[in-house]
Every structure is written in C-alpha cells, then in structure tokens.
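Enquirer: Take a look at the following structure, please.
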Amino acid sequence: MELPHHGYRATKPRARAAPPTADSVLFEDTSAAAPAMNSQGYYTPGYNMGGPSNDMQGGGGMDNLFADPMANAAIMYGSSIANQGKDMVNKEISRFMSVNKLKYFFAVDTKYVMKKLMLLMFPYMHQDWEVRYHRDTPLPPRQDVNASDLYIPTMAFITYILLAGMALGIQKRFSPEVLGLCASTALVWMIIEVLVMLLSLYLMTVHSDLSTFDLIAYSGYKYVGMIFTLLCGLLFGNDGYFVGLAWSSCALMFFIVRSLKMKILPSLSSDTMGTGSSAKPQFRLYITVATAVFQPIIIYWLTSHLVR
C-alpha cells in the first residue's frame, strides 16, 4: 500500500559508523591543513605553523609601508602637528618667563658662591656695588659679584627646610605636617613680599632696572641669614639665637639698601634736574628702606618657633 506524498518526506535509513579499529588515532593532526572557511567565506583565525611568507622576509612589509604615499602623508602631518604644539608651548612659557633670563640667574660658579656668601654676611667692607655691563647687557653672576642670582636663594631655601626639620627632630616635635607648614609659610611670605614690591613700584610709577627675578633673588637672600640664625640658636641656645639674629639682620639690611640703591635710585639727578622738587626720589627711598626693614621681621617670624 502506498502512503500519500503530501505532508511527509521520504527518509533514508542512516548508516551506522563502524567502530574504531585498533590502529585508528584518537586525535587527528590538522596542523598542516589549510585554514577552514566559515559560512560567510572568511578564514577562521588560526596559527600558521609554516614559514614566513616572501612578502614579510627582509623587511618588505616596512618598505611597503614607507613606500605608501598615504602613510608618508600621515607621518608628515603628525610631525607638523607635534612641531606646532611644541612651538605653542614654548610661546606660552615665554609669555610668563624667559628661559634665557632664567639661565642668566643660574650662571654661577663656586668662586662666585663663596664671594656672594661672604658679601651677604660681611657687607660692610665692600666698596663697589655697581653692576657691570657689557654692551648694555649685565654680566652674568659668575663674572660680577654684584649681580643677583637665584642659585643661592634656591639652595638656601632647601637648606633652611632641612635645618628646620632637624631642629624639630631634636625637640621631638617633628612631623611631616609641621615641616610642610614651615616650608609653605616661608614660600608664601616670599611671594607676598615680591608682590608688594611690584605693586609699590607700579603704583608709585617708579622706573627701575629691577625685574621680577631680581626681586625674587633679593627676597630669597634672607634664607642665608635664617640659616646662620638657626645654627647659632641650635649651638648656643637662646642667647646665641638673638646674637645671630642681630648680626644677620644688620648685614642683610645693609646689603639690601646698598644693592637696591643702585637699582631703584639710579636717576635721582635726572628726576630733580630742571623740574624742581619731585616726590619720586622720596618714594624710591621709602621703598628701599621699607624693604630692608622688613627682612629682620620675616627672619624672626620664620625662625623663632624653631629654637626653644
């Protein structure tokens, strides 16, 4: 009897696979087989155990990369962007500070440092305070002891912080927070002093040869006197501290007055010649004296709590 064909599909009996023989392998070696293709016609990922192709031997791939005009254009475009970014960064830095001027203030040597330290502590015997010039350009500090520098203030500031930490450690009062507060307080006072001097010179319309770096240098020279005062206090107690404070304060005040006199008061005669009495020379004198008198106050404020 024949079955109707609609609704049914003719099927064939499935043949059973023969049982594996004793000589059959458990895993088939497919390392040498070609990579299989999936249903979309792409090769599936796999390791190529064969040798390298001829295109990759001898750096041919890199040659093809650099021979590609699109790759060369991309490299050139990236280099131009990097150069433009570098020029922009240098331009923004030059707006606030000149790298060449900053290098000038660090152009020192050992001989200059020793002479400058002696001048800061014993300025009374020094006679020539005028800054030397060469073709309207001041000589670097290593060639002129009267030139201001930033090397001594920087090293003196670091030495002051280390000495303050040692003093606090001797008194069993050391902690990172206290040392950080000491460093930040000294730095903030120096910034305030420089800003006050800049504002005073601007409001009183005083024209001088002082730059911002010069003001930072003269404000930072006080750290040399602070180190001397702290050492006297640690070695000889309170009596030694006040003796060192008096000596360093007097020496620093004398140094500031004689140095700023050549910077802030260079044209007193030109201001008064033919114009009668002028208030500008008085303002310049007030700024010079106020800057000098302010130094002992800061020295005492930043060192008195470190010696007990």
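Enquirer: Go through the residues of the range 111-127 one by one and say whether even a single one is modelled with pLDDT of 95 or more, more than 21 Å from I299 (Cα to Cα) and surrounded by 18 or more Cβ atoms within 10 Å (Cβ to Cβ).
Expert: The answer is yes, given that some residue of the range 111-127 is modelled with pLDDT of 95 or more, more than 21 Å from I299 (Cα to Cα) and surrounded by 18 or more Cβ atoms within 10 Å (Cβ to Cβ).
Enquirer: So which of L187, L195, L203 is more than 28 Å from R132 (Cβ to Cβ) and modelled with pLDDT under 90?
Expert: Testing whether each residue is more than 28 Å from R132 (Cβ to Cβ) and modelled with pLDDT under 90 leaves just L203.
Enquirer: What number of residues in the range 153-202 are out of contact with any helix residue (DSSP H, G or I) (no Cβ under 7 Å at 6 or more places or on another chain) and not in a helix (DSSP H, G or I)?
Expert: 4
Enquirer: Then there's this: Would a scan of the range 204-226 turn up a residue that is part of a helix (DSSP H, G or I) and farther than 25 Å from D149 by Cα?
Expert: There is no residue in the range 204-226 that is part of a helix (DSSP H, G or I) and farther than 25 Å from D149 by Cα.
Enquirer: Only residues in the range 153-164 that are in contact (Cβ under 8 Å) with a residue 60 or more places away in the chain count as the first member; pair them with residues that are outside any helix (DSSP H, G or I) and surrounded by 16 or more Cβ atoms within 10 Å (Cβ to Cβ), Cβ under 8 angstrom, at least 6 apart or cross-chain, and list the lot.
Expert: Final answer for the pair search is P153/Y221; A156/Y221.
Enquirer: Further question: List every residue pair whose Cβ atoms sit under 6 Å apart, with the two residues 6 or more apart in sequence or on different chains, where the first one lies in the range 236-248 and is under 13 Å from T303 (Cα atoms) and touching a residue at least 60 places away in the same chain (Cβ under 8 Å) and the second, anywhere, is among the β-branched types (V, I, T) and assigned to a helix (DSSP H, G or I).
Expert: S248/T229
Enquirer: Of all residues in the range 74-91, which are among the hydrophobic types (A, V, I, L, M, F, W, C), open to solvent by 100 Å² or more (accessible area, probe 1.4 Å) and modelled with pLDDT of 70 or more?
Expert: M76
Enquirer: Follow-up. Looking only at residues that are of a type in the set (F, W, Y), surrounded by fewer than 21 Cβ atoms within 10 Å (Cβ to Cβ) and under 24 Å from the mean Cα position of the chain (by Cα) in the range 188-247, which one is nearest to M262 (Cα to Cα)?
Expert: Of everything passing the filter in the range 188-247, F213 is nearest to M262 (Cα to Cα).
Enquirer: Inspect the range 146-161 for any residue being within 21 Å of I287 (Cβ to Cβ), of a type in the set (F, W, Y) and open to solvent by less than 40 Å² (accessible area, probe 1.4 Å) and give the result as yes or no.
Expert: Within the range 146-161, not a single residue is within 21 Å of I287 (Cβ to Cβ), of a type in the set (F, W, Y) and open to solvent by less than 40 Å² (accessible area, probe 1.4 Å).
Enquirer: If a residue must be touching a Pro at 6+ places or on another chain (Cβ under 8 Å) and either in a helix (DSSP H, G or I) or buried (at least 22 other Cβ atoms within 10 Å of the Cβ) (or both), how many such residues does the range 251-266 contain?
Expert: 6
Enquirer: Based on this model, can you work out whether E177 counts as under 15 Å from T291 (Cα atoms) and acidic (D, E)?
Expert: When the stated conditions are applied, E177 does not pass them.
The values are calculated or read from the model by the stated rules, or taken from the named source; none is laboratory data. Just so you know, these numbers come straight off a predicted model, no measurement behind them. Glycine gets a Cβ as well: all are built from the backbone with ideal geometry, and neighbour counts include every protein chain shown. Accessible surface is based on the protein model in full, side chains and every heavy atom, while ligands, DNA and RNA are left aside. Shrake-Rupley method; radii C 1.70, N 1.55, O 1.52, S 1.80 Å.
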